[in-house]
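One structure, as structure tokens, below. Some questions next.
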Amino acid sequence: MKISKKEVEHVTLLARLELTEEEVNQYTEQLNSILEYAEMLQKLDTDKVSPTAHAVQLFNVLRTDEVKNSLSQQEALSNAPEAEDGYFRVPRIV
Amino acid sequence: MKVINSSLDELHRLLIHKETTSIELTKIFLDHIKKKDSDIKAFISITEDVALQQAVATDKKLAANEEIGILEGIPLALKDNMCTKGIGTTCGSRILKDFVPPYDATVTELLRESGAVLAGKLNMDEFAMGSTTENSGFFTTSNPWDLTRVPGGSSGGSAASVSAREVPYSLGSDTGGSIRQPAAFCGVVGLKPTYGLVSRYGLVAFASSLDQIGPLTKTVRDNAIVLNAIAGHDPKDSTSVPFNKPDYTHFLENNVKGLRIGVPREFFGQGLDPAVEKVIAQAIKMYENMGAVIEECSLPHMEYAMPTYYIIAPAECSSNLARYDGVSYGFRAEADDMIEMYKKTRAEGFGQEVKRRIMLGTYALSSGYYDAYYLKAQKVRTLIKEDFDNVFSRFDALISPTTPTVAYKMGEKSDPLAMYMGDVYTIPVNLAGLPAISIPAGFVEGMPVGMQLISKHFNEGLLYRAAYAFEQSTDHHKAIPALAGEVD
Amino acid sequence: MGFSDKYEIVCGVETHVEMLTKTKIFCGCSTEFGGEQNTHVCPVCLGLPGVLPVLNKEVVNLAIKAGLALNCEIADFSKFDRKNYYYPDLPKNYQTSQYDLPICKGGWLEINVNGQKKTIGITRAHMEEDAGKLVHSGETITTSHSSGVDYNRTGVPLLEIVSEPDMRSIDEVLAYLEELVQIIDYAGVSDCKMEQGSVRFDVNVSLRPLGSNQFGTRTETKNLNSFNSVRRCLEYEIERQADLLDEGGQIIQETRTWDEGKGITLSLRSKEEAHDYRYFPEPDLLPLVIDSEWIERIRKTLPELPSAKRERLQSIGLSEYDAKVITSWKPMADFFDKAWEEFKDAKILANWVTGDLSGLLNAKNSSFEESPITPQQLAGLLKLIQKGEISGKIAKSVIEEMYNTGKDAEVIVKEKGLVQISDEGELEKIIMEVISSNPKSVADYQAGKENAIGFLVGQVMKATKGQANPGVVNKLLREKLTDN
């Protein structure tokens, strides 16, 4: 087992996903089979290999500090599930 | 020749010679969509009003004898993960079911500026995760060649719509094969451009370091025409590469003499359907006959591409999809507090495959596992890139099957790992950021087989040349699914 | 046994400063403070599906500038990473920040507490995006049934400056913060407007038995937005930890929040909270490669920093105290410098700048930046005093008139006939009158009461409406009183 049910439950919290008991069991099994498959990567000696984060070799991609048009408040809130007085409204935080 | 089967050149000619109008053309395609899409189910939304509006504008220009561009007045459809201002963009997910972007993706903007006629938005696996469209949050698209089979994915709607002649061309996105695999399954031409050639701005992200937009078309020439319109540097995408864009149609010559084509043995191993292998072997033979230099080669780290991809892509996706939380857009589940709202919104809004990848990616990045999984995968990614660098010092292009099998039946691949294996030949290309094209190479039991050509960064021109030469010497691209031809 | 006999405090601070750019770090929205809610937003800073960040070059320039001002090494290679956590003020639910390869590392600054100099190490400084603002429906976050979210501040560029845990007293912490904020302000990296939240502090503190060289368990109190809050928070937190340790309890390593109203820190722990930021390289942004040419270009734009300015001011005649007061507020220091160009008595100038002018500006709700009296005009006024044309007392009314009219001191003095009376003949008449009408004071002086002369001078000044030259009056009075 690469990942225990308890770890899967911890991951659901990190990922903010509410899963049923059945789903947790199913994901535990599936993630294990994928992670066991991924275990083959450990065979490779990569001590002297640098990681690749980007497929292209670019750097210093910058823009000038110039103000561009913003959205109107109405446009900004147009997709809001709940809005009030120009704010996005959310339920109790803590 | 029927309008719906016409090439872009032909459609353009019909317009400028006033043999038809853009309205007429647009209506033909919209009618065809209406008739066929109850079976194909390629479209999530049909944007008839927007289409007709653009058509009217084009017709006005034509009436005033103004010059029009090659794509002007001609319909297309977009995979529903490309943002369209004022037009719903769902990404195939219930979590974005009612989301209407207040902005255009760069590709959308480019096509609008070209006067292209947007006919609708296309079905896909939710957030582009999947190989069949069975993971769509709404419905499954059918393969026009056999309605009981999958069209491939995740750009299944993009491939099926072109294959069924519902639109002359479409755009898809490719993170691990999502353009090429459905193109192969549906018998159309699909290009995954070099990472950085086409702007990702406005493409709903799946795995940012792998995603790339590309065209799906009936022919290689059409493909080059569409790429001309969407390629180019975009200051809104930091990973977009400043690059002197050539006219890709200039590469279309029916000549591969002296072209050095490598046949990587790792792409012909276990799991490859012998019937598919035979079709590709014939294609290789054909290249040889046309004067290309064919030689076997090796990419020793290819077997690691799948596990590498299935760490990197989920890791990036777990972060990219964190924003779907019900706070400022998209679906929100009723809840008394934030934590509950997050958890319920995401549990109800996302489908199984998306949740699975979020879980996997979250785990791979989590404290204590980062080095073993994510960092390791990034290092192996370097080895895979180096493999390609090595062979491209000797070869102009590589040839392989696009997929190990032809399109399979719906519901056949229920085990996630088994489904992932279908992308074994396409995934390495994304990891290395290379361009690759899938073109129709023949049939197995009536289902299309796709052949993949891969080349160096920004060598799309060479891919088009090689693909065009093959296409001109074969008739596979002329085959039309019976279903598509039943009307008109 | 007192606290200080038992424990030593160990403190480090993470300081977030909003950088002074026109636009946000990754999009072209304005950073201007105080816009109507959700109007300085665009698809990028709202984190809509499909958007991509593009780094603002000015942010990098300012980060380099801050790094140089804080004696940091500027990394030739740095990159951005995503810090993943869920909070409604963070639209993408990750903050784009810098993790293992920050732009600045290994700097320091010097503090001076009660004449004791000490170097405080700066571990690193990195660029990141600010979050939005939450407006709670109730009094506090805990008593609210819902909250409103405003994303105007989302994406405003921040520089997070992390100190070493080098501070051993609250005074040291405050000295560090004051010096740091001054440097950042001087360098023009931030406007440092604390009341607008331009500078915020996260304070890490732990206690250890005196003489121990091991660190105790620390707590981190987040989001303090004034020096005073930091001081009060530390006083509370140190006492809390000491009490706990005295009772044989254990400090829990945790994040706490400061309740300004109640003056206490509170645990932010919750069973739902699992801290694991899952940092990974930001795939949408490319690395930064900064060469020496770029660094030198920025170095040339660095102004004189507070420590150098203090030294210079002392070298032109100010006391350590005056130099510190003048430099404590950059606009004041700039004003002083400009005025000094034309009026070279630093001590007198300092008195006027920190005293009368400062008081006047305060009273009028103005500031050195907006002062209608220019440094040149102040210098002009002081020259009139120096030349004896007006008295200091008259000058005090002249400066007010200068403020109200914007006129030069010379013009006002001329218009109002305020020129000082130094003519001995003219003054003699008045002095004789004062002597004859104040026999008691005259007698007192002559009996040896030196103080009495002050009263008589005052009477002369009164009679001349303050225009008499006090020096001359003093001299003449003494002569007359001795003659008698």
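Taking the residues in the stretch B:426-440 that are of a type in the set (A, V, I, L, M, F, W, C) and in a helix (DSSP H, G or I) as candidates, determine which candidate is surrounded by the fewest Cβ atoms within 10 Å (Cβ to Cβ).
If we take residues in the stretch B:426-440 being of a type in the set (A, V, I, L, M, F, W, C) and in a helix (DSSP H, G or I), then B:I427 is surrounded by the fewest Cβ atoms within 10 Å (Cβ to Cβ).
Still on this structure, please answer the following. Filter the stretch C:21-42 for residues that are facing chain A (nearest Cβ under 7 Å) and surrounded by 24 or more Cβ atoms within 10 Å (Cβ to Cβ) and give the result.
C:T23, C:C29, C:N38, C:H40, C:V41, listed by residue number.
Here's another thing I want to ask about it. Determine, yes or no, whether B:N223 is in contact with a strand residue (DSSP E or B) (Cβ under 7 Å, 6 or more places away or on another chain), of a type in the set (S, T, N, Q) and more than 20 Å from C:V54 (Cα to Cα).
yes
Here's the yes/no breakdown for (1) of a type in the set (D, E, K, R); (2) in contact (Cβ under 8 Å) with a residue 24 or more places away in the chain; (3) buried (at least 24 other Cβ atoms within 10 Å of the Cβ); (4) under 21 Å from B:T219 (Cα atoms):
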| residue | (1), (2), (3), (4) |
| --- | --- |
| B:K85 | yes, no, no, no |
| B:T89 | no, yes, yes, no |
| B:V100 | no, no, no, no |
| B:N135 | no, yes, yes, no |
| B:V167 | no, yes, yes, yes |
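Of the conditions (1) farther than 21 Å from B:G177 by Cα; (2) out of contact with any Leu (no Cβ under 6 Å at 6 or more places or on another chain); (3) open to solvent by less than 10 Å² (accessible area, probe 1.4 Å); (4) among the hydroxyl-bearing types (S, T, Y), B:T362 satisfies every one except a single condition; which number is it?
Just one mismatch for B:T362, condition (2).
While we're on this one: Exactly one condition in (1) open to solvent by 10 Å² or more (accessible area, probe 1.4 Å); (2) closer than 30 Å to B:I280 by Cα is not met by B:E340; state its number.
Of (1) open to solvent by 10 Å² or more (accessible area, probe 1.4 Å); (2) closer than 30 Å to B:I280 by Cα, only one is false for B:E340: (2).
Which members of the stretch B:361-377 meet the condition of being more than 24 Å from the chain's Cα centre (by Cα) and assigned to a helix (DSSP H, G or I)?
B:T362, B:Y363, B:A364, B:L365, B:D371, B:A372, B:Y373, B:Y374, B:L375, B:K376, B:A377
Looking at (1) outside any helix (DSSP H, G or I); (2) at the interface with another protein chain (Cβ under 8 Å from one of its Cβ atoms), which is the only condition B:A407 fails?
Answer for B:A407: the failing condition is (2).
For the stretch B:89-146, give me each residue that is closer than 30 Å to B:L15 by Cβ, charged (D, E, K, R) and either within 17 Å of the chain's Cα centre (by Cα) or part of a loop (DSSP other than H, G, I, E, B) (or both).
B:D104, B:K121
Filtering the stretch A:16-36 down to residues that are surrounded by fewer than 15 Cβ atoms within 10 Å (Cβ to Cβ) and not acidic (D, E), which residue is farthest from the other protein chains (Cβ to nearest Cβ)?
Only one residue tops the list, namely A:N25.
Right, something else. Given the condition without any contact (Cβ under 8 Å) to a residue 24 or more places away in the chain and in contact with a strand residue (DSSP E or B) (Cβ under 7 Å, 6 or more places away or on another chain), answer yes or no: does some residue in the stretch C:66-77 qualify?
No, there is no match, as no residue in the stretch C:66-77 is without any contact (Cβ under 8 Å) to a residue 24 or more places away in the chain and in contact with a strand residue (DSSP E or B) (Cβ under 7 Å, 6 or more places away or on another chain).
Take C:V59 and tell me if it is more than 30 Å from C:T217 (Cβ to Cβ), facing another protein chain (nearest Cβ under 7 Å), in contact (Cβ under 8 Å) with a residue 24 or more places away in the chain and of a type in the set (A, V, I, L, M).
In short, no.
Could you list, in sequence order, the residues of the stretch B:35-60 that are in contact (Cβ under 8 Å) with a residue 40 or more places away in the chain, part of a helix (DSSP H, G or I) and more than 12 Å from B:I87 (Cβ to Cβ)?
Matches in the stretch B:35-60: B:K35, B:K36, B:D37, B:D39, B:I40, B:Q54, B:A55, B:A57, B:T58.
Every residue, every condition in (1) in a loop (DSSP other than H, G, I, E, B); (2) open to solvent by 10 Å² or more (accessible area, probe 1.4 Å), yes or no:
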residue: B:Y201; (1), (2): yes, yes
residue: B:F206; (1), (2): yes, no
residue: B:D211; (1), (2): yes, no
residue: B:L216; (1), (2): no, no
residue: B:R221; (1), (2): no, yes
residue: B:K236; (1), (2): yes, yes
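Quick check on my filter: what residues within the stretch B:112-126 are open to solvent by 10 Å² or more (accessible area, probe 1.4 Å), within 23 Å of C:P43 (Cα to Cα) and in contact (Cβ under 8 Å) with a residue 60 or more places away in the chain?
B:L118
Of the residues C:R312, C:R297, only one is surrounded by 14 or more Cβ atoms within 10 Å (Cβ to Cβ) and away from chain B (no Cβ under 14 Å); which?
Criteria check complete, one pass: C:R312.
Still on this structure, I have one more. Applying the selection to the stretch B:446-488, what residues are outside any helix (DSSP H, G or I) and farther than 21 Å from B:I284 by Cβ?
Across the stretch B:446-488, the qualifying residues are B:G446, B:H457, B:F458, B:I480, B:P481, B:E486, B:V487, B:D488.
Among (1) open to solvent by less than 20 Å² (accessible area, probe 1.4 Å); (2) at the interface with another protein chain (Cβ under 7 Å from one of its Cβ atoms), there is one condition C:V17 misses while meeting the rest; what is its number?
Checking C:V17 against (1) open to solvent by less than 20 Å² (accessible area, probe 1.4 Å); (2) at the interface with another protein chain (Cβ under 7 Å from one of its Cβ atoms), the one that fails is (2).
Being touching a residue at least 12 places away in the same chain (Cβ under 8 Å) and open to solvent by 10 Å² or more (accessible area, probe 1.4 Å) is the requirement here; does B:A377 meet it?
When the stated conditions are applied, B:A377 does not pass them.
Test A:Q42 against the stated conditions and say whether it is surrounded by fewer than 14 Cβ atoms within 10 Å (Cβ to Cβ) and part of a helix (DSSP H, G or I).
For A:Q42, the condition - surrounded by fewer than 14 Cβ atoms within 10 Å (Cβ to Cβ) and part of a helix (DSSP H, G or I) - is met.
With respect to A:P81, is the statement that it is surrounded by fewer than 16 Cβ atoms within 10 Å (Cβ to Cβ), facing chain B (nearest Cβ under 7 Å) and at pLDDT 95 or above true?
no
The values are calculated or read from the model by the stated rules, or taken from the named source; none is laboratory data. The shown structure was predicted, so the numbers you read here are calculated from the model rather than taken from an experiment. Every residue, glycine as well, gets a Cβ built from its backbone with ideal geometry; the counts of neighbours run over all protein chains shown. SASA here: full protein model, heavy atoms, side chains in, ligands and nucleic acids out. Shrake-Rupley method; radii C 1.70, N 1.55, O 1.52, S 1.80 Å.
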